[in-house]
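Derivation of every value follows stated rules applied to the coordinates shown; laboratory data play no part. Here the structure is a predicted model, which means the values were calculated and not measured. Here the Cβ positions follow ideal geometry from the backbone for every residue, glycine too, while neighbour counts run over all protein chains shown.
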DNA sequence: TTCCTGACTGATTGGTGAGTCAATCAGGGC
DNA sequence: GCCCTGATTGACTCACCAATCAGTCAGGAA
């Protein structure tokens, strides 16, 4: 890609990684593009060499990661394990993502999936796609008789995804502890609670 | 209060109501203070006569409404009906608030409770107070043997509140229908799902 | 009638920060 | 050696907007 830096770092990547830290620390609106450039150790203008605008930096970060989530959901559905394992795999993917890169997940949740006027609206199709994927999985569980049918799949999805996002929010706000143990317990408890409420009673 | 307008409207209130609409429509950061003044049909400077800053307008809106939520939670706990009714009352209060004034609830959720860098951090004590209230209610249900004890009250609260907030978010994004029937069903289904997952199995 | 208070006005200011652009520099092909 | 391409730089521009402030106006008190 770069002739000048054959073995050197990809500056575009460096800028994106710096942007994650800056957006997480100061918020998208509060930070300045020069903050990103400084954090990346790069000249101001280079940000505009690689990205058309400040917005495009955030769009890129979101799309990169959300694509992985959509793939994870599709993969789970393809392997077709028992419903509990499916939901566990999805919850784990999201929680693990946070554990591995809390700053990035913070940015995605705070600045995109919950930003109803700006980026959230813009990325609504991709966000909805994730909901639809989860809803399809739940619908199948209902058809197979594992889940009760008096709660719509779309609604069950909102409960499931909402619980996970609230969990991440609590970590983001540092309102609950975040040791590796807490992460492990949390996944298990979300699945336990939601599946518990959706399963057909014996 | 006003000597000049003895029988006239309270301009402070007019400004707050206009701010709700403007914040909901354009977002706190994107809108200008002049938008609020125009919407209120009031001179620009009057906003600064009643409020020290743009921030203070949002702070006021949030605190006004959140106080009502905290009172509702306390009241439910005081009356001490069965646990299902308690959670139903809380879910109903929030969903009804949205139904009655969607713009205000949109602003509170999008701009405050989910704004981890700005207003959310600032109002964390009040937000946490609501969580604590709900957690206390769930803890009592556990002590009385109605709820299973292997899921912590704090965690159960996150699931419950997270599901509700995700529901509102879906309405805010216009991702799900919002007829009076949908509101009624929604409350019922949140309580059903979460209680279902938390109750002790027969 | 005069003065005082406080609601109300809107032009102005001052700071800020996104995006531009002209210039520099390094490497590769000829 | 020379040109071309594209990465890289950072000073500058320009629009925007929060906050200020000097003033107007209305009603009540004295």
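Compared with the dominant principal axis of the Cα atoms in chain A, helix A:124-143 is inclined by about 20°.
Inter-label distance, residue A:129 to residue A:38: 3.7 nm, where each label sits 7 Å from its Cα along the C-beta direction.
With its label point defined 7 Å out from Cα along the Cα-to-Cβ axis, residue B:64 lies at 4.2 nm from the matching points of the other copies, in increasing order.
Considered as an equivalent ellipsoid built on the Cα gyration tensor, the range A:25-139 has semi-axes of 32, 14, 12 Å, the largest given first. On a 0 to 90 degree scale, rounded to 10, what angle separates helix B:180-198 from the longest Cα axis of chain B? The answer is roughly 40 degrees.
Placing R0 at 25 angstrom, the Cβ-Cβ distance between residue B:146 and residue A:152 gives a FRET efficiency of 0.40 after rounding to 0.05.
Does the range A:123-194 come out rounded, prolate or oblate by the C-alpha gyration tensor, with a ≥ b ≥ c the root eigenvalues, rounded set by a/c under 1.5 and, if not, prolate when a/b is larger than b/c and oblate if not? It is oblate, given that a/c is not under 1.5 and a/b is not larger than b/c.
The angle separating the long axis of helix A:83-100 from the principal Cα axis of greatest extent in chain A is about 20 degrees.
Across identical copies of the chain, residue B:26 has label-point separations of 2.4 nm, listed in ascending order, with the point defined 7 angstrom from Cα along Cα→Cβ.
Taking square-rooted eigenvalues a ≥ b ≥ c of the alpha carbon gyration tensor, is chain A rounded, prolate or oblate, where a/c under 1.5 means rounded and, failing that, a/b exceeding b/c means prolate? In terms of gyration-tensor shape, prolate.
With a/c under 1.5 counting as rounded, go ahead and sort the protein assembly as shown into rounded, prolate or oblate using the C-alpha gyration tensor (a ≥ b ≥ c being the square roots of the eigenvalues; past the cut-off, prolate if a/b is larger than b/c, else oblate). The shape class here is oblate.
Comparing mean-square fluctuations of B:183, B:155, B:93 from a GNM of chain B with C-alpha springs under 10 Å, the top value falls on B:155. Plainly put, the tip 7 Å out from Cα toward Cβ on residue A:152 is 3.5 nm from that tip on each other copy, the closest given first. Relative contact order, whole percent, for chain B stands at 20, derived from Cα pairs under 8 Å and 6 or more residues apart.
A straight line joining the Cα centroids of the range A:45-110 and the range A:168-202 runs 19 Å.
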